[in-house]
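J.: Below is the structure I would like to discuss, written out as structure tokens.
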Amino acid sequence: MDNNEYLLEMLGVDKSFPGVKALDQARLQVRPGTVHALMGENGAGKSTLMKCLFGIYKPDAGQVLINGKPVNFTGPKEAMEGGVSMVHQELNQVLKRNVMENLWLGRFPRRYGFVSQREMLHRTRAIFEDLDIKVDPKAIIGKLSVSQRQMVEIAKAVSYHARVLVLDEPTSSLTNQEVEHLFRIINKLRDTGVGIVYISHKMEEILAISDDVTIMRDGQWIETKAAADLTIDEIIKLMVGRDLTQRFPPKTNTPGEDLMVVKNLTGRYMPTCKDVSFSLRRGEILGVAGLVGSRRTELLETIFGIAHRASGEIYKEGRPILNRSAEEAIKNGFAMITEERRANGIFAGLDITFNTVISNINSTNRKKYKDAGLLSGRKMNADTQSSITSMRIKTPSHKTYIRDLSGGNQQKVIIGRWLLTNPDILLMDEPTRGIDVGAKAEIYQLIINLASEGKGIMVVSSEMPELLGICDRIMVMSGGRLAGILDVQDASQEKIMRLAAEYA
């Protein structure tokens, strides 16, 4: 085919890191005015390929062409100025500055040599109006929801007049209504000739929004097909190299007596949870559903002591628990896996060993990594290797920086970290966000195994099939309040949505 048929071509791309070949003759060809899904398990090389496109990594071999012309971007700024923009799954924004300052950072409009706030506001409003984004340009970005912040990043990409737009897990934190809004924006951009690379693990979305699908495995190109010619089962088989017959493992846990009882819990600082009461049984997987803004995360943070409690009681095994800080919560047998792993879950510039053992180093009532009063590298490395093996973490070694792992493998490190503290209660906020279908099955099995051992587990998830597939009961939050609790046998997506909208 003629090169000009493609807006973007990446051909024969190789990239190696110490101990691992991340890309092996990878390729991607995107036609103008199409949505091209890029799929594969975590560690398949999707993110590495996109970083090679964006100038973050320099490929060892291969070439990148835009409209048939070779390009060699040396960094994100050059890529954006060259018409290639990327909205990352983990948003990198200046949280204490306002929306329009984030949008025009590094290229503020000027008048008479000074930054023109008026012109910046005018340009921002024009882009927001065109994309139907209802966000105050003067709002502090750190106070916005994840979905609103994501819309700002898409608007930023549009402001660069991007011809190629990469969206990395764009719907991982969005409600159904917000996904529909995003799809309207994507379709509008597609109609103007923009080529959109869409990275997602959500099969139904891929088939709904994509024109073409490229599947990678182990750093290699496997197949490119029209989305209309693919089924979910075919995509899964191409991704994992085998049939994945069971999306959710069989349940082996049996909920018992109450492990934790929460009464009239209200957070101190608004917006937060309000007057929430429920119980968590030993050996139970309790789902937490709700729309964005329902304060599911705030509920977990208040239980764990990250957010301050205004009123209400928490009892564990009949004993009152204060959990005035995360450290106190850990001592009381609680663990929390956060939603935003890059922002508050990992230490990106440190190795896997540090990220694995950090929650245990300062523990006063559990094992310590010390010999003669000094930290023992041998003991820490042993626990880290045990976690790598049990969690099936793909990494060259325990000395690898965690930032160099795929998102799914980062999540596995975090889960392994908390399991080393031997918690009785696990609070999991979107534990499979951004994780591929094969790794999800492993996480589901792990959650069920932990519940079978008698641990109590709370799982916040925006994916209702996930909640219905692994939970025993599902509590539904709406506007910070508890709207209802459903036994999973009696639950349905329609019932959950009806409750979720009760106080919204």
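J.: For region 131-145, how many residues are free of Cβ contacts under 8 Å to residues at least 12 places away in the same chain and either assigned to a helix (DSSP H, G or I) or surrounded by 15 or more Cβ atoms within 10 Å (Cβ to Cβ) (or both)?
T.: Qualifying residue count for the region: 1.
J.: Of all residues being over 28 Å from the mean Cα position of the chain (by Cα) and open to solvent by 90 Å² or more (accessible area, probe 1.4 Å) in region 246-262, which is nearest to ILE425 (Cα to Cα)? Just the residue, please.
T.: The selected residue is GLU257.
J.: Against the condition at pLDDT 90 or above, more than 23 Å from the chain's Cα centre (by Cα) and open to solvent by less than 30 Å² (accessible area, probe 1.4 Å), how does LEU230 come out, does it pass?
T.: Taking the combined requirement at face value, the residue satisfies it.
J.: Counting only residues that are surrounded by fewer than 17 Cβ atoms within 10 Å (Cβ to Cβ) and of a type in the set (S, T, N, Q), which one in region 63-107 is modelled with the highest pLDDT?
T.: So the residue we want is GLN63.
J.: Count, please, the residues in region 458-504 that happen to be hydrophobic (A, V, I, L, M, F, W, C), part of a helix (DSSP H, G or I) and closer than 23 Å to ILE435 by Cα.
T.: 4
J.: Inspect all residues belonging to region 473-481 and state whether any of them is of a type in the set (Ser, Thr, Tyr) and surrounded by 23 or more Cβ atoms within 10 Å (Cβ to Cβ).
T.: no
J.: Right, next: Among the residues of region 35-62, write down those that are surrounded by fewer than 24 Cβ atoms within 10 Å (Cβ to Cβ) and of a type in the set (Asp, Glu).
T.: ASP60
J.: Take region 146-200 and flag every residue that is in a helix (DSSP H, G or I) and of a type in the set (Gly, Ala, Ser).
T.: Passing the criteria: SER147, ALA155, ALA157, SER159.
J.: Going by what's in this entry, would PHE183 be described as touching a Leu at 6+ places or on another chain (Cβ under 9 Å), more than 24 Å from GLY12 (Cβ to Cβ) and surrounded by fewer than 18 Cβ atoms within 10 Å (Cβ to Cβ)?
T.: no
J.: Filter region 201-211 for residues that are more than 20 Å from the chain's Cα centre (by Cα) and open to solvent by 20 Å² or more (accessible area, probe 1.4 Å) and give the result.
T.: Scanning region 201-211 gives LEU207, ALA208, ASP211.
The values are calculated or read from the model by the stated rules, or taken from the named source; none is laboratory data. The structure presented is a predicted model; accordingly, all values stated were derived computationally and were not measured. Glycine gets a Cβ as well: all are built from the backbone with ideal geometry, and neighbour counts include every protein chain shown. Note: areas computed on protein heavy atoms with side chains; ligands, DNA, RNA excluded. Shrake-Rupley method; radii C 1.70, N 1.55, O 1.52, S 1.80 Å.
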